[in-house]
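Okay, structure first, notes after.
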Amino acid sequence: MQRKKVIIMAKSTKAGKYVYFFGGGKADGNESMKNLLGGKGANLAEMAGHPNLRLPVPPGFTVTTEVCTYYYANKRTYPKTLNGQVQEAMAKMEKLTGKKFGDEKNPLLLSVRSGARKSMPGMMETVLNVGLNEKTIQGIIAQSGDARFAYDAYRRLIMMYADVVMEKAAGIEPKGGKGIRKVLDEKLEHIKHSRGYKSDTELTADELKDLVKDYKKTVKKILGKDFPMILTNKCGVV
Amino acid sequence: MWGGVGAVFASWNGKRAIEYRRIEKIPHEWGTAVNVQAMVFGNMGDDCCTGVAFTRNPGNGENHFYGEYLVNAQGEDVVAGIRTPAPVNQYSKNAQSEQFVSLEKLMPAQYKELFTIQRRLEKHYKDMQDIEFTIEKGKLYMLQCRIGKRNGVAAVRMATEMHKEKLIDAKTAIMRVGPNQLVELLLPMLDPKAELLAPVIAKGLPAGPGGAKGRVVFSSADAVAWAAKGEKVILVREETSPEDVDGMHKAQAILTTKGGMTSHAALVARGWGKCCIVGCSDIEIHSEAKNFHSNNGLVIKEGDWISLNGTKGTVYEGSMALVDIDIDKNQSYKDLMKLVDKTKQIGVRANAETPRDATTAVKFGAEGIGLFRTEHMFYGEGSEAPLFQLRKMIVSKTEKERREALNGLFKYVKKDVKDTLSVMNGHPVTIRLLDPPLHEFVPHDKEKLKQLSKELGISMGMLNRRVLALHENNPMLGHRGVRLGISYPEITEMQVRAIFEAAAELNKAGKKAFPEIMVPVTVISHELRHQKEIVDRVYKEVCEKLGVKKIPYLYGTMIETPRAALRADFMANVADFFSFGTNDLTQMSFGFSRDDIGGFLPKYLDLKILPDDPFQTIDQEGIGQLIKAGTERGRVTKPNLKVGICGEHGGDPESVKFCHRIGMNYVSCSPFRVPIARLAAAQAALETPRKKK
């Protein structure tokens, strides 16, 4: 059974298109390709590229469901040609946004979201603000003129990344059933409580900056690994 | 970034994702795609926001742009229910968001652009869209659009209104409502009279319509555990997350204190058509103490009963009565059913045996009664007198004794039949002759036995011996159905006489009675011939007695044994119609006792040895073949043979579609399932149209 699947996959590898770009009034895919692009990806393509719509959709790309199937059929590895296709799509995004992934002055930040054929509300993982680190955050602060915002985005990234990538995807069972997200969340609540804040928005830039430091330490302590500082878009390396 | 992509793929096989797919029946091998997109920020200041909106109201189907947004926030904040969102426009305001400024007021230009876009999207997709948007420093971005989930009430309204607006054709309108979604329109609601008198202890947002009552639990795990013990529970949470899905599924209703109409709880409940109230900030949950406090100091503990009105968003203390709703007041429902009836090619009848059920059935659009169980009169209210006569008959020893008892029973049977025939004026009523094994009606308690012996004038010893003689080891395969009529022809005679007299009298009174006499549990055509002789004789006698030339009727049989299905060509020599009794047919063909499947069927379903419970939906591969062969063989003998189905399956959409495909004349189901069967029949006619004759 497993064998057969691999053969089928190999066939479609010939077709070989794993990455579908959308943005700038164009899209490789469309709404009819839900099986391949998932519901979200197919609709993003439709909104961005259909001549009747061409709506303001932030540029991006969809990695197909075939890659997911391949990933599980091949010991959690990716098709060889995937990396090149992703680089190509990234280059297009960079051109359209005028930003560069990992750039210290004008960094491109990314959202990474799942999208199955049918919507599964809240069931799967999302990581936002990918592309932020100690260096790129300076670019964001300079651009937005809002350090508070930048550190808020950063602490969200650390929380989501630690939870989704470093803990769940790595298969780490949290001690006492309390996941890293919960631990980090409690730290946030603690600061809010001690300052008498009701809402997250009341936290100052400095408080968030301290929180980011604390988050990183905590992640290292609990998960035994640093939150990644070096950005790479090479396949297989975080 | 690759870490993120890998994490998304890994999450596909996460515990909660697998659980969700199990409930929603999504195949595991589909896999997921990953979307990588340039970030836009709704949290870069007060000229930024993020929101979720629907091109029409998903709660009631009204054609109004409806949505919520949060200033200076990221998208996840709206769905997570962390902050109470503000309304996008005046229409979307509710009790919790009244004081907030709408997007329309705050950012009029962007609102206008968004409004135009959502109209374009709906026009393009020709369906209600659920959209996510973000405004970053005054610039609007569209982050997602998809076909919006809606409850049954909204689904019916949107389908019929979009049809009227000429956005979609009739076919699309019919296909757009899931037959089981109609259940929500027929859902009971809290008794309005009781509701009027009861004080509202809290009010929240009406996220899932209908009424519900249950005992309060505060965790998903408790909801699962209590429900397993047969308790009706209402899950009360501050907010729900995907981890709660199992408990939410098991609960009668969901009540949350935080979150808006687009929160997780609202979204999930809407998909299931479950009663749900969200954002009910009038109550405060103390999860350690396992209780909640209402604004006016009332404390509701775990296990206490509460009642919810999910249509209004009101919460009441205690267990309130639930009542049925008047479907005729729902114009969209009536519009949809008009399209449905124009489209469907198979009749829909109801199983009913009282004038009240028959009236309900007609109201729900039944075109006749497909199963009138004569034994019904021996159960429940008002059954004492006829039941006593029946018992007398059962323990009779001689034909003389039996005829006497049958004479006593006659008037009850005749009245029962006549009442229902009268309500169904002109529509056919299939009356099944006495079916259950006789000993089912024998009293077991001493007092009742004593009374019986006294009235019969026989000793207790004698009575006991007669009762004992009725005992069977396997009554479902025992002395029942037509076998009774063969052993005791006078039982058939009495019933047939009652039917003919009732029909003839109604006809004489200017009504139209159309009885169909149905012989149960047959295996061979000789049984039908044997009974037909009685029917023919009694027919003549009644015609003479009442001075009528004819009484329109049909004579037929239930096909519920595999042998009868296989020998259908011979059965059709005598029968004018077949009605497949799929409960017994399934039971006898599988060799599964319907009353004992609890012991093994769950495991069968778990291991996917069987795809579905064959008593819920027709096993098309096996039982379906018997039904198909029976129908075809019967029609070889009698091309115009009327064929229907009267088991529980008659109200299951997939089974109805099957019956349509194999060319049946009608399906029959419980009165409340009639609208569902009609819609399923129309959808079947669109999916696989029959050639017009």
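The values are calculated or read from the model by the stated rules, or taken from the named source; none is laboratory data. The model shown is predicted, which means the values in this text are computed figures rather than measured ones. Glycine gets a Cβ as well: all are built from the backbone with ideal geometry, and neighbour counts include every protein chain shown. Ligands, DNA and RNA are stripped out before the accessible areas are found, and what is left, the full protein with its side chains, is counted by its heavy atoms. Shrake-Rupley method; radii C 1.70, N 1.55, O 1.52, S 1.80 Å.
Restricting region A:189-203 to residues that are closer than 20 Å to B:Gly45 by Cα, away from chain B (no Cβ under 11 Å) and open to solvent by less than 60 Å² (accessible area, probe 1.4 Å) leaves a set whose member that is nearest to the chain's Cα centre (by Cα) is A:Leu203. Is it the case that B:Lys166 is assigned to a loop (DSSP other than H, G, I, E, B) and crowded, with 20+ Cβ neighbours inside 10 Å? In short, no.
Quick check on region B:327-339: of everything there that is more than 16 Å from B:Glu161 (Cβ to Cβ) and open to solvent by less than 70 Å² (accessible area, probe 1.4 Å), which residue is farthest from the chain's Cα centre (by Cα)? Give the steps one after another, and end with the answer.
Residues of region B:327-339 more than 16 Å from B:Glu161 (Cβ to Cβ): B:327-329.
Filter again for open to solvent by less than 70 Å² (accessible area, probe 1.4 Å), leaving B:327-328.
Values: B:Ile327: 15, B:Asp328: 18 Å.
Top of the filtered list is B:Asp328.
Annotation: of all residues in region A:45-76 being within 8 Å of another protein chain (Cβ to nearest Cβ), assigned to a loop (DSSP other than H, G, I, E, B) and of a type in the set (S, T, N, Q), the one that is farthest from the chain's Cα centre (by Cα) is A:Asn52.
Here A:Arg156 meets the list (1) facing another protein chain (nearest Cβ under 9 Å); (2) within 20 Å of A:Met93 (Cβ to Cβ) almost entirely, failing just condition (2). All of (1) closer than 20 Å to B:Leu267 by Cβ; (2) of a type in the set (Gly, Ala, Ser); (3) facing another protein chain (nearest Cβ under 10 Å) hold for B:Gly61 with one exception: (3).
With modelled with pLDDT of 80 or more and over 31 Å from the mean Cα position of the chain (by Cα) as the only criterion, which of B:Gly51, B:Gly81, B:Gly61 stands out? So that I can check it myself, show each step before the final result.
Working: B:Gly81 fails: modelled with pLDDT of 80 or more; B:Gly61 fails: over 31 Å from the mean Cα position of the chain (by Cα).
Answer to the check: B:Gly51.
Please state which one of A:Glu104, A:Glu31, A:Glu46 is outside the structural domain of A:Gln138 (by TED's automatic domain parsing), open to solvent by 20 Å² or more (accessible area, probe 1.4 Å) and in contact with a helix residue (DSSP H, G or I) (Cβ under 6 Å, 6 or more places away or on another chain).
Numbers: A:Glu104 fails: outside the structural domain of A:Gln138 (by TED's automatic domain parsing); A:Glu46 fails: open to solvent by 20 Å² or more (accessible area, probe 1.4 Å).
Every option except A:Glu31 fails the conditions.
Counting only strands (runs of 3 or more DSSP E) that sit completely within region B:514-604, those holding 3 or more residues that are closer than 22 Å to B:Pro489 by Cβ correspond to B:514-519, B:554-559. The C-beta contact set for region B:238-258 (first residue in contact (Cβ under 8 Å) with a residue 60 or more places away in the chain and away from chain A (no Cβ under 13 Å), second residue polar (S, T, N, Q) and surrounded by fewer than 23 Cβ atoms within 10 Å (Cβ to Cβ), distance under 9 angstrom, 6+ apart or interchain) comprises B:Lys258/B:Thr84; B:Lys258/B:Ser281.
Given the condition of a type in the set (D, E, K, R), without any contact (Cβ under 8 Å) to a residue 40 or more places away in the chain and closer than 25 Å to B:Glu353 by Cα, answer yes or no: does some residue in region B:468-475 qualify? It would help to see each step written out before you state the result.
Going residue by residue through region B:468-475, those that are of a type in the set (D, E, K, R) are B:472.
Checking the rest, the ones that are also without any contact (Cβ under 8 Å) to a residue 40 or more places away in the chain come to B:472.
Going one step further and asking which of them are closer than 25 Å to B:Glu353 by Cα, we end up with none.
Looking through region B:468-475, none of the residues is of a type in the set (D, E, K, R), without any contact (Cβ under 8 Å) to a residue 40 or more places away in the chain and closer than 25 Å to B:Glu353 by Cα.
Table: residues versus (1) open to solvent by 60 Å² or more (accessible area, probe 1.4 Å); (2) of a type in the set (Ser, Thr, Tyr); (3) within 15 Å of B:Lys203 (Cα to Cα); (4) outside the structural domain of B:Asn60 (by TED's automatic domain parsing).
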| position | (1), (2), (3), (4) |
| --- | --- |
| B:Asn291 | no, no, no, yes |
| B:Ser294 | no, yes, yes, yes |
| B:Trp305 | yes, no, no, yes |
| B:Thr311 | yes, yes, yes, yes |
| B:Thr314 | no, yes, yes, yes |
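When B:Asn425 is tested against (1) farther than 17 Å from B:Thr492 by Cβ; (2) among the polar types (S, T, N, Q); (3) out of contact with any helix residue (DSSP H, G or I) (no Cβ under 7 Å at 6 or more places or on another chain); (4) assigned to a helix (DSSP H, G or I), just one condition goes unmet, and that condition is (4).
The listed residues are B:Gly318, B:Gly368, and the only one of them that is surrounded by 19 or more Cβ atoms within 10 Å (Cβ to Cβ) and on the phi > 0 side of the Ramachandran plot turns out to be B:Gly368.
Looking at this structure, is A:Tyr215 hydroxyl-bearing (Ser, Thr, Tyr), open to solvent by 40 Å² or more (accessible area, probe 1.4 Å) and away from every other protein chain (no Cβ under 12 Å)?
Working: hydroxyl-bearing (Ser, Thr, Tyr): yes; open to solvent by 40 Å² or more (accessible area, probe 1.4 Å): no; away from every other protein chain (no Cβ under 12 Å): yes.
No; evaluated as a whole, the condition is false for this residue.
Among the listed residues B:Lys171, B:Lys112, B:Lys123, which satisfies the condition of being of a type in the set (Lys, Arg), within 30 Å of the chain's Cα centre (by Cα), on the phi < 0 side of the Ramachandran plot and in a helix (DSSP H, G or I)? Quick ask: steps written out before the conclusion?
Details: B:Lys112 fails: within 30 Å of the chain's Cα centre (by Cα); B:Lys123 fails: within 30 Å of the chain's Cα centre (by Cα).
Only one candidate qualifies: B:Lys171.
Would you check if A:Ile180 is more than 8 Å from every other protein chain (Cβ to nearest Cβ), touching a strand residue (DSSP E or B) at 6+ places or on another chain (Cβ under 9 Å) and open to solvent by less than 20 Å² (accessible area, probe 1.4 Å)? No. Only one of the listed residues (A:Val127, A:Val112, A:Val165) is assigned to a helix (DSSP H, G or I) and facing chain B (nearest Cβ under 7 Å). That residue is A:Val165.
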